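S.K.: Before I ask anything, here is the structure I am working with.
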Amino acid sequence: MSSIDFPLLSKYGIRFPKYAVVSSAPEAAAQSSKIGFPVAMKIVSPQALHKSDQGGVILNVGSRAEAEKAYSLLIKRFKGSQIEGVLVQKMEGKGALELIIGGKRDPQFGQLIMLGMGGIFVEIYKDVTFRVCPITREDALSMISELKSFPMLQGARGRKPISQMALANALVGVSRLLVKENPAEFDINPVMADEKECIAVDMRILR
């Protein structure tokens, strides 16, 4: 199992921020500076599948010194766990809506794809919709319109509407990934969606 496989996303046309996985505090400082501040830093560990809830995410790291401090803090918090490194990632998606795109292998139907409201509230809202893979772009647009939160995606309460076509393209890309890679479970959470694009900020895959 791996929680970080952004090159896999790239293979299926799914965008993600600049990133590096580092294994020391000086490397964290150097890579953060190279990527460009502010950055997010996240523990990479099979024991940290819900990083936000477990203290495995530090946001808005704004300097080399802060990057070194954040690296040391994350390693300390997960002492005794199997640590693969620390992810340093460009912070993107300010003002964007957080969505989740997921999938699982069903013994009867094969690969199922899911779309819903994401971030830390995914289990609270439970606003999700499913399809059997593979899906078309038309299927993806239909999934988007089925969400209870669809008015938010359209720009309710003064928000800018998200690009439904960009989100549909991401859904079709994940559908292709699910069919070809056939993981037991998969999710991108959150997917940051705004009026221009959709960016995968974090992911989890169970082979």
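Bear in mind these aren't lab numbers, they're just calculated from the coordinates by the rules spelled out. These numbers were taken from a predicted model, which means no experiment stands behind them. All Cβ positions, even for glycine, are placed from backbone atoms using ideal geometry, and neighbour counts span all protein chains on display.
S.K.: Roughly how large, in nm² to one decimal, is the mean projection of the convex hull of the alpha-carbon atoms in the stretch 147-207?
M.R.: On the way: hull surface 17.9 nm².
That works out to 4.5 nm², a quarter of the Cα hull's surface.
S.K.: Add -39500 (n - 2.57) for each DSSP H run of 4 or more in the chain, then divide by its residues: what number comes out at 222 nm, to the nearest 500 deg cm²/dmol? Don't skip to the end; give the middle numbers.
M.R.: Numbers: 7 runs with 67 residues, N = 207.
Only helices count here, giving -9500 deg cm²/dmol.
S.K.: Taking H as built 1.01 Å from N, whose amide H comes closer than 5 Å to the amide H of Ile100, not counting residues under 5 places away?
M.R.: Under 5 Å from the amide H of Ile100: Gly116, Met117, Gly118, Val191.
S.K.: Once you sort the root eigenvalues of the Cα gyration tensor of the stretch 32-151 as a ≥ b ≥ c, which label holds: rounded (a/c under 1.5), prolate (a/b larger than b/c) or oblate (the other case)? Walk me through the intermediate numbers first.
M.R.: Working: a/c = 2.65, a/b = 1.83, b/c = 1.45.
Prolate shape, in that a/c is at least 1.5 and a/b is the bigger ratio.
S.K.: So, one more: Mind running the shape call on the stretch 13-90? Use the C-alpha gyration tensor, a ≥ b ≥ c as the square roots of the eigenvalues: rounded below 1.5 for a/c, prolate if a/b tops b/c, oblate otherwise.
M.R.: On the way: a/c = 1.73, a/b = 1.22, b/c = 1.42.
Oblate shape, in that a/c is at least 1.5 and b/c is the bigger or equal ratio.
S.K.: Further, regarding this structure: Under the Karplus relation 6.51 cos²θ - 1.76 cosθ + 1.60, θ = phi - 60°, what is the ordered set of whole-Hz ³J(HN,Hα) values for the stretch 90-105, x standing for Gly and Pro?
M.R.: Karplus values, whole Hz, x for Gly and Pro: 4, 7, 9, x, 4, x, 7, 7, 9, 10, 10, 10, x, x, 7, 8.
S.K.: If amide H atoms are built 1.01 Å from N in the plane of the peptide, which residues on other chains or at least 5 residues away come under 5 Å of the amide H of Arg15?
M.R.: Close amide H contacts, sequence-distant or interchain: Ala200.
S.K.: Classify the stretch 97-206 from the C-alpha gyration tensor, please: rounded if a/c falls under 1.5, else prolate or oblate depending on whether a/b exceeds b/c. Walk me through the numbers on the way to the answer.
M.R.: Working: a/c = 1.77, a/b = 1.59, b/c = 1.11.
Prolate.
S.K.: Further question: If amide hydrogens are placed 1.01 Å from N in the peptide plane, which non-local residues have theirs closer than 5 Å to the one on Lys160?
M.R.: Correct list: empty.
S.K.: What net charge do the residues around Ser149 carry, taking every other residue with its C-beta under 12 Å from that of Ser149, with Lys and Arg at +1 and Asp and Glu at -1? Working shown, then result.
M.R.: Working: positive: Lys126, Lys148, Arg157, Arg159; negative: Glu98, Asp127, Glu146.
Once positives and negatives cancel, what remains is +1.
S.K.: Given that just one value was derived from the coordinates, which of (i) 18.1, 60; (ii) 17.2, 52; (iii) 15.1, 44 is Rg and Dmax of the Cα atoms in Å?
M.R.: (ii)
S.K.: For the stretch 97-206, with the dipole built from +1 on Lys and Arg beta-carbon atoms and -1 on Asp and Glu ones, taken about the Cα centre, which of Val191, Leu97, Thr136 lies farthest toward the positive end?
M.R.: Projecting each Cα onto the dipole axis, the largest value belongs to Thr136.
S.K.: Here's another thing I want to ask about it. Quick one: what are the phi-derived ³J(HN,Hα) couplings along the stretch 181-187, Karplus 6.51/-1.76/1.60 with θ = phi - 60°, whole Hz, x for glycine and proline?
M.R.: Working through the residues one at a time gives 8, 6, x, 5, 8, 7, 8 Hz.
S.K.: Okay, moving on. From the phi of every residue in the stretch 133-148, what ³J(HN,Hα) in whole Hz does the Karplus formula 6.51 cos²θ - 1.76 cosθ + 1.60 yield, where θ is phi - 60° and glycine or proline is x?
M.R.: With the stated coefficients, the stretch 133-148 comes to 7, x, 10, 9, 5, 5, 4, 5, 5, 5, 4, 4, 6, 7, 5, 4 Hz.
S.K.: Beyond a 25 Å Cα-Cα separation, which of these cross-linked pairs lie in this structure: Lys42/Lys160; Lys51/Lys104; Lys11/Lys42; Lys18/Lys148; Lys51/Lys126?
M.R.: In this structure, Lys42/Lys160; Lys18/Lys148 lie more than 25 Å apart at Cα.
S.K.: What's the center-to-center distance, using Cα atoms, between the stretch 1-62 and the stretch 80-150 in Å?
M.R.: The distance from the Cα centre of the stretch 1-62 to that of the stretch 80-150 comes to 19 Å.
S.K.: Let's see if you can work this out: charge +1 on each Lys and Arg Cβ, -1 on each Asp and Glu Cβ, no other charges. What is the dipole magnitude of the chain about its Cα centre, in debye to the nearest 20?
M.R.: Numbers: 27 positive and 21 negative charges, 64 e Å.
About 300 debye.
S.K.: Compute the relative contact order of the stretch 1-133 as a whole-number percentage, counting only Cα pairs closer than 8 Å that sit 6 or more residues apart in sequence. Don't jump to the answer; show the numbers that get you there.
M.R.: On the way: 223 pairs, mean separation 31.3, N = 133.
Relative contact order comes out at 24 percent.
S.K.: A further question on this structure: Out of Leu147, Ala170, Gly62, whose Cα points farthest toward the positive end of the dipole of the chain (charges: +1 Lys, Arg; -1 Asp, Glu; placed on Cβ)?
M.R.: Of the listed residues, the answer is Gly62.
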